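Student: Have a look at this one before I ask anything.
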Amino acid sequence: MTTPAASPTLATRRVAIAGNPNTGKTTLFNRLTGLSAKVGNYPGVTVESESGEVKLARSGVVTVVDVPGTYSLTARSAEEQIAIQAVCGLHPLERPDAVVLVVDATQLTRNLYLALQIIETDIPLVIALNMVDMLGELGQEIDAAALERELGVRVVPISAQHGEGLDALRVALDEVLASPDRARPGPRWIPSDPRLRADVDAVARELPAIWKLDNPRRRDALALWALLSLDENDELPDAPAKLRETVLARRRAAAADGREIEAEIIQGRYAWIDQRAPKFLRQRASVRESRTDRVDRLLLHPALGFAVFLVVMGLVFQSLFSWADPLIGLIETAVGAVKEQVVSALPPGFFNDLVAEGLIEGVGSVIVFLPQILLLFFFIGVMEDSGYMARVAFLMDRLMKSIGLHGRAFVPMMSGFACAVPAILATRTMERQRDRMLTMMVVPLMTCSARLPVYSLLIAALFPPDRIFGVLPVQGLLMVAMYVFSTLVALIVAAVLGRTLIKGKSVPLLLELPPYRLPHWPSVLAQMWRKTRVFLSEAGTVILACTVAMWLLLSFPRDAQIDERFDAQIAAVNSSLPAGEERDERIAALENERAGEALRSSYGGRLGHFIEPAVAPLGFDWKIGIGLLGAFAAREVFVSTMGVVYGIGEDVDEESVGLRQRIKQEAHADGRPIYTPLVGLALMVFFAIACQCMSTLAVVKRETRSWTWPTFLFVYTGALAWLLSFAVFQGGRLLGFG
Amino acid sequence: MTSLDLLNPGSTARLVSIGGDRAFRCRLMELGLLPGTLVRLVRRVDVGGVLEVEVRGCRLSVRHGEARHVAVEAGA
């Protein structure tokens, strides 16, 4: 430690943790980094990168970066390319000082394929041989020392689940960082066939210099990578055209010769592994049926498995829909209490209102999502960790594929019935960017719980409590119809978008069905908290800013004349009536009327007038227009906004008789009622489809890292909502309703 | 010779060749399904339109339509 560059404070060393999916890589990462881990993003793609710190005796504090789980470094898309970029340090990622490869001991030969690829790149490597505690159950035995000799790199047996072997892993990593050259064994498998060698050399000459081809092994490894990865329709933006042409030319020439380059490379590596496997892997013959088999006989049973699936999904849905409710109520009460404290502590005026109505309400509108987000991520964590999520995708593949979605899109879609915000965060469980985008674009169409108060109010106010044939309640049927309608629209939109704007080649479904395991609870909780923190810090700030903006829009400008007039009226009531209930009621009524007038004369109110021509063809008037604007803060705010617009006060809910009465009485200038059942239906259709929820838009913005997707979502749902409401209202009128 | 989707649940076969498009072939091979590898059909799940197969001690799901491209020699 004499040169400043070696000092850990000046140049923190970087270690990448790689491995196949389901190898316990995330658990190991959480074990090593503890609470220091942070979620970030890989540049250019919407793939999360988690990084944290680990303290080593000699090397000091080292940064650990989690590489997305992969079976191979071979890539077909920008997201898959992250693995090779992270391991080799291709532009724009930094080259790690060492790689820790997590290997699932129970599936050794397949895991060693990735190990060979990484060894080829000539990066210092330590292998963490995980799940050694499970080998006995499978009748397997691994000689770690023999494996170490064959591969030429350090192999440390661990159990990430039980935290065993982690100290030895830290020591091994420390040693590798201290003398990296000893951890570079040189490639184990090399293309020895002269024809394949010629292919590799030809491709190596076309590799871009930006990939830092400072050593011949690295160059060979990248040439092999290009030979496997590139083709006519790969989606790898960083690969130069000349390189792709060369790969394609070599492949054509080989095919004319009766050879297949890819098969030669892959079979070469597996032949190397299979040949040496007997030296380090012993398998006792005939194993009895495993626990996973017995569980799967139930969970993948054609009838029972589906029943269990429905129960599990019902549980998740129920928790988001009703178990989260008391917690949400608690948060709302707490926010209300804080607001009251602030209102009474600060002198009345603009600043008081800004803090209370803008900032505190804004923070409230962010943290109110926490119960649902935490619950959903808890369930997703448990499903992922236990291995059940792969079965969900398995069972749902046919249905979801028919509408162009991934089997894993089922959980976010279903969560969308509770709230689109956690549902959109849950799309991260899908690997392909295209699948995530498509799911995010349709999740907001699912009937979320915030639409319920609006539907309840309109249905109760405008439709008779009759029963069809004496049994089927009209109101209940309408509610069910809204759910069916929104789901159908979501499925149709998914099918259409998936075949047009968000097109993607159908990828072969090659899911691994990992053995069932008990989740590692600290890891599930750490993961849950990390994702929630990202929501708070990134989407939360946008939601907060929007809430303040909405408040400004609906409260300003303040008309001094209105205030003076109502102050005078209140003073008159105060002097003419004795203190008591009647006086309080009169004053409260005046205050409500004042709030209504203030809202109608605010920027928001003017905007309501301004958009009236746009919503008039749907049967809406400017007051409903203000309600639609208010609903942008959160859909259920429509109810209280209408309460204020009609001068009944903001403390109304969908149950209030006063608001229902008022809605029935609202009339056009010529005396025709504004709200007919047909208008109510058109309004519900509008609410069902329009993504008038700034929190959803804020989360989409954060998840897609662009303004394009939220803008597209807002515009397409708005246009579709308008068209369908128009069709309902005008079509209904033509048929003689309303 | 038959194809993977036609195997009886529980039976094992030796893989002969993989057809279909390049990406699918490469992906299967990288997961260790190579000519000569033993493949066992664990179960068919017709609800999801998928098969569960066991290769190298690992369970994978493959769609019916895609399994049709995998030629196997039964009775191994």
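Student: Report, by residue number, each residue of the range A:252-293 that is of a type in the set (Lys, Arg), over 22 Å from A:Leu147 (Cα atoms) and either facing another protein chain (nearest Cβ under 9 Å) or surrounded by fewer than 11 Cβ atoms within 10 Å (Cβ to Cβ) (or both).
Tutor: Answer for the range A:252-293, where residues must be of a type in the set (Lys, Arg), over 22 Å from A:Leu147 (Cα atoms) and either facing another protein chain (nearest Cβ under 9 Å) or surrounded by fewer than 11 Cβ atoms within 10 Å (Cβ to Cβ) (or both): A:Arg252, A:Arg288.
Student: So, in the range A:123-154, exactly how many residues are within 19 Å of A:Val87 (Cβ to Cβ) and under 35 Å from the mean Cα position of the chain (by Cα)?
Tutor: 8
Student: If only one of A:Phe417, A:Phe378, A:Phe351, A:Phe394 is assigned to a helix (DSSP H, G or I), more than 14 Å from chain B (Cβ to nearest Cβ), among the hydrophobic types (A, V, I, L, M, F, W, C) and touching a residue at least 40 places away in the same chain (Cβ under 8 Å), which one is it?
Tutor: Sole residue among the options that is assigned to a helix (DSSP H, G or I), more than 14 Å from chain B (Cβ to nearest Cβ), among the hydrophobic types (A, V, I, L, M, F, W, C) and touching a residue at least 40 places away in the same chain (Cβ under 8 Å): A:Phe378.
Student: Here's something else I'd like to know. Taking only the range A:433-455 into account, find how many residues are crowded, with 18+ Cβ neighbours inside 10 Å and at pLDDT below 85.
Tutor: Number of matching residues: 4.
Student: What number of residues in the range B:51-67 are at the interface with chain A (Cβ under 7 Å from one of its Cβ atoms) and in contact (Cβ under 8 Å) with a residue 60 or more places away in the chain?
Tutor: 0
Student: Next question. Condition (residue is away from chain B (no Cβ under 14 Å), assigned to a helix (DSSP H, G or I) and more than 21 Å from B:Arg27 (Cβ to Cβ)) applied to the range A:223-239: is it met by at least one residue?
Tutor: no
Student: Hey, another quick one. Please determine whether any residue of the range A:313-322 is over 30 Å from A:Glu150 (Cα atoms) and within 13 Å of chain B (Cβ to nearest Cβ).
Tutor: No, the range A:313-322 contains no residue that is over 30 Å from A:Glu150 (Cα atoms) and within 13 Å of chain B (Cβ to nearest Cβ).
Student: Could you check, for the range B:53-69, whether at least one of its residues is touching a Ser or Thr at 6+ places or on another chain (Cβ under 7 Å) and modelled with pLDDT under 90?
Tutor: yes
Student: Quick one: which residue in B:Gly65, B:Gly48, B:Gly20 is closer than 27 Å to A:His406 by Cα, in contact with a His (Cβ under 6 Å, 6 or more places away or on another chain) and outside any strand (DSSP E or B)?
Tutor: Result of the check over B:Gly65, B:Gly48, B:Gly20: B:Gly20.
Student: Residues in the range A:697-708: is at least one closer than 29 Å to A:Ala549 by Cα, of a type outside the set (D, E, K, R), outside any helix (DSSP H, G or I) and in contact with a Lys or Arg (Cβ under 9 Å, 6 or more places away or on another chain)?
Tutor: Checked the range A:697-708: at least one residue is closer than 29 Å to A:Ala549 by Cα, of a type outside the set (D, E, K, R), outside any helix (DSSP H, G or I) and in contact with a Lys or Arg (Cβ under 9 Å, 6 or more places away or on another chain).
Student: Then there is this: Taking the stated definitions as given, is A:Gly314 buried (at least 18 other Cβ atoms within 10 Å of the Cβ) and not acidic (Asp, Glu)?
Tutor: In short, no.
Student: Right, here's the next one. Which residue, of B:Gly10, B:Gly20, B:Gly48, B:Gly32, is without any contact (Cβ under 8 Å) to a residue 24 or more places away in the chain, of a type in the set (Gly, Ala, Ser) and within 12 Å of chain A (Cβ to nearest Cβ)?
Tutor: B:Gly48
Here is a yes/no grid of residues against (1) within 26 Å of A:Asp181 (Cβ to Cβ); (2) away from chain B (no Cβ under 14 Å):
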{"site": "A:Pro21", "(1), (2)": "no, no"}
{"site": "A:Ser36", "(1), (2)": "no, yes"}
{"site": "A:Ser51", "(1), (2)": "yes, yes"}
{"site": "A:Val64", "(1), (2)": "yes, yes"}
{"site": "A:Pro96", "(1), (2)": "yes, yes"}
{"site": "A:Leu101", "(1), (2)": "yes, yes"}
{"site": "A:Ala105", "(1), (2)": "no, no"}
{"site": "A:Ile119", "(1), (2)": "yes, yes"}
{"site": "A:Ile127", "(1), (2)": "yes, yes"}
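So that you can scan it fast, the table gives a plain yes or no per residue for (1) more than 18 Å from A:Arg197 (Cα to Cα); (2) small (Gly, Ala, Ser); (3) at pLDDT 90 or above:
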{"position": "A:Leu236", "(1), (2), (3)": "yes, no, no"}
{"position": "A:Ile265", "(1), (2), (3)": "no, no, yes"}
{"position": "A:Trp272", "(1), (2), (3)": "no, no, yes"}
{"position": "A:Ala277", "(1), (2), (3)": "yes, yes, yes"}
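Student: Among the residues in the range A:134-145, are any under 19 Å from A:Arg218 (Cα atoms) and at pLDDT 90 or above?
Tutor: no
Student: Check off (1) part of a strand (DSSP E or B); (2) facing chain A (nearest Cβ under 9 Å); (3) not small (Gly, Ala, Ser) for B:Val72 and give me the number that stays unchecked.
Tutor: (2)
Student: Quick one: in the range B:35-45, which of the residues that are in a strand (DSSP E or B) and of a type outside the set (D, E, K, R) is nearest to the other protein chains (Cβ to nearest Cβ)?
Tutor: B:Val45
Student: Can you name the number of the only condition in (1) free of Cβ contacts under 8 Å to residues at least 12 places away in the same chain; (2) more than 30 Å from A:Trp709 (Cβ to Cβ) that A:Trp622 fails?
Tutor: Of (1) free of Cβ contacts under 8 Å to residues at least 12 places away in the same chain; (2) more than 30 Å from A:Trp709 (Cβ to Cβ), only one is false for A:Trp622: (1).
Student: Looking at the range A:598-619, which of its residues are free of Cβ contacts under 8 Å to residues at least 12 places away in the same chain and charged (D, E, K, R)?
Tutor: Of everything in the range A:598-619, just one residue is free of Cβ contacts under 8 Å to residues at least 12 places away in the same chain and charged (D, E, K, R), namely A:Arg606.
Student: Step by step: first the residues of the range A:524-558, then only those that are surrounded by 18 or more Cβ atoms within 10 Å (Cβ to Cβ) and among the aromatic types (Phe, Trp, Tyr), then the one that is nearest to the chain's Cα centre (by Cα). Which residue is that?
Tutor: The extreme case among them is A:Phe535.
The values are calculated or read from the model by the stated rules, or taken from the named source; none is laboratory data. Please read all numbers here as calculations on a predicted model, not as lab measurements. FYI the Cβ positions are ideal-geometry reconstructions off the backbone, even for glycines, and counts take in every protein chain you see.
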